[in-house]
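> Attaching a single structure in structure tokens format; questions to follow.
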Amino acid sequence: MIYLEMFWAFFQIGLFSFGGGYAAVPLIQSQIVEGHHWLEMSQFADLITIAEMTPGPIAVNSATFVGQQIAGMPGALVCTFGCILPSFIIVLILSWLYMKYRSLRTMQGVLTGLRPAVVAMIASAGVSLLVLALFNSSLFSVQSSDFRVIEAGLFVVCLFLLRRFKANPILIIFGSGLVGTLFYLAAQKLLII
Amino acid sequence: MEEKSVKDQSTLRVCWQLFVITFTLSASTFGGGFVIISMMKQKLVTKLQWLGEAEMLDMTAIAQSSPGALGVNIAIVVGYRIKKVWGALVCTIGAVLPPLIVISVISVFYNEFKDNTYIAIALQVMRAGVAAVIFDVVIDLAKSIIKTKSVLWILMMVIAFAATCFFKVSAIIIILVCGMIGIVHTTWENKEVKS
């Protein structure tokens, strides 16, 4: 019975979380903390921290975490399945419509109009991430005193490697983590001495 | 060898490659769905040439118009486009497995993980690399919009950027408005051709 409840709770989270990322957080909170009391508020805050520190979407991460806490690995699987099932069905229907009708003029019109918008949204996501990397704050609360030299240097070098040498993005991400951490530790050592 | 067109390869082979691609991308994606999209574009459009650039943008729009996580949705559309329902299934599993494994492990060792300084520093500096990956892709995409030399599309791109970045307008509104403008533009063009 608990499996069915877990499945249904995460099915709703998957179905109503439009906009992705943090848009899902209040929805998850109302289901998990207030609705079913599966997690305490402090546990929920921990969950958001973990979700932020690890790869993967917040909704999937919380489904796995909550499922694990309540019923171990089978619980994690049930919650995760419930969470992605709505997207799976809806995305499949939309993709099918897209393949079938994309040569229609009206559909062409819609798609051509959407292209600049999609580029703009990706760019916007890039800017907020860059601000977070360089100032560790959001765009509206940037202070020049928070500027991080190591991250700025890393960003420039990485972008150069990607543009000039078409470097592998996965290597760039992990490489920047490794090199950046070494620089930080070296900087700390120098300051102490 | 890898650059062979998708059609010349067996379904099993393509599905395995799709699984490997979505799994590795999902495992290394810190920072949300747009990072996955940027990396997928790099891999599937620029490198393997399985998809066109315009198609990739259309699929991003589909992924954004559906509920759920962007990173999972884009995997479903791409999988379906390349190998129908099997492709979609394989890509979904590939995209979901890494967070499932990572979170399961972490939920056991949470306290040790949270208090580790090295992990905290690495996760902070890694954001610089992630931002560089997104910017690299944005430069390519923006170039292709500018190359259309259409004042309308370039202006729409700039306004949509300002709206999302500075005014926090939601993605759904941007998609609806730009889709409408697209329809009106096409109907207008049709009328001009007829008269």
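The values are calculated or read from the model by the stated rules, or taken from the named source; none is laboratory data. Model, not experiment: these values are computed from the prediction. Glycine gets a Cβ as well: all are built from the backbone with ideal geometry, and neighbour counts include every protein chain shown.
> Within the group B:Ser150, B:Ser144, which residue is touching an Asp or Glu at 6+ places or on another chain (Cβ under 7 Å) and more than 7 Å from chain A (Cβ to nearest Cβ)? Full working, then the answer.
On the way: B:Ser150 fails: touching an Asp or Glu at 6+ places or on another chain (Cβ under 7 Å).
Just one listed residue meets the conditions, B:Ser144.
> With the requirement that a residue be within 23 Å of B:Thr29 (Cβ to Cβ) and either outside any helix (DSSP H, G or I) or in the same structural domain as A:Gln12 (by TED's automatic domain parsing) (or both), what does segment A:84-133 give you?
Passing the criteria: A:Ile84, A:Leu85, A:Pro86, A:Ser87, A:Phe88, A:Ile90, A:Val91, A:Leu92, A:Leu94, A:Ser95.
> Any residue that is of a type outside the set (Gly, Ala, Ser), at the interface with chain B (Cβ under 9 Å from one of its Cβ atoms), within 20 Å of the chain's Cα centre (by Cα) and surrounded by fewer than 16 Cβ atoms within 10 Å (Cβ to Cβ) - is there at least one of those in segment A:50-64?
Yes: one or more hits.
> Another question, if that's okay. Check whether at least one residue in segment A:127-150 is facing chain B (nearest Cβ under 7 Å) and among the acidic types (Asp, Glu), and report yes or no.
No, segment A:127-150 contains no residue that is facing chain B (nearest Cβ under 7 Å) and among the acidic types (Asp, Glu).
> Name, by its number, the condition in (1) at the interface with another protein chain (Cβ under 7 Å from one of its Cβ atoms); (2) touching a residue at least 12 places away in the same chain (Cβ under 8 Å); (3) more than 22 Å from B:Ala61 (Cα to Cα) that does not hold for B:Leu97.
So the condition that B:Leu97 fails would be (1).
> Identify the residue in segment B:125-182 that is surrounded by fewer than 14 Cβ atoms within 10 Å (Cβ to Cβ) and among the basic types (Lys, Arg) and, among all such residues, is farthest from B:Thr60 (Cα to Cα).
Looking at the filtered set, the residue picked out is B:Lys149.
> Checking the conditions here, which among B:Ala132, B:Ala142, B:Ala163 is more than 17 Å from the chain's Cα centre (by Cα), of a type in the set (A, V, I, L, M, F, W, C), within 29 Å of B:Leu25 (Cβ to Cβ) and in a helix (DSSP H, G or I)?
Working: B:Ala132 fails: more than 17 Å from the chain's Cα centre (by Cα); B:Ala142 fails: more than 17 Å from the chain's Cα centre (by Cα).
From the options B:Ala132, B:Ala142, B:Ala163, the qualifying one is B:Ala163.
> B:Ser104: part of a helix (DSSP H, G or I) and surrounded by fewer than 20 Cβ atoms within 10 Å (Cβ to Cβ), yes or no? Walk me through it before giving the result.
On the way: part of a helix (DSSP H, G or I): yes; surrounded by fewer than 20 Cβ atoms within 10 Å (Cβ to Cβ): yes.
So B:Ser104 fits the description; yes.
> Right, another one. Looking only at segment A:75-105, which residues are without any contact (Cβ under 8 Å) to a residue 40 or more places away in the chain, farther than 14 Å from A:Ser17 by Cβ and among the β-branched types (Val, Ile, Thr)?
A:Ile89, A:Ile93
> So, in segment B:67-91, how many residues would count as being surrounded by fewer than 24 Cβ atoms within 10 Å (Cβ to Cβ), of a type outside the set (A, V, I, L, M, F, W, C) and without any contact (Cβ under 8 Å) to a residue 24 or more places away in the chain?
2
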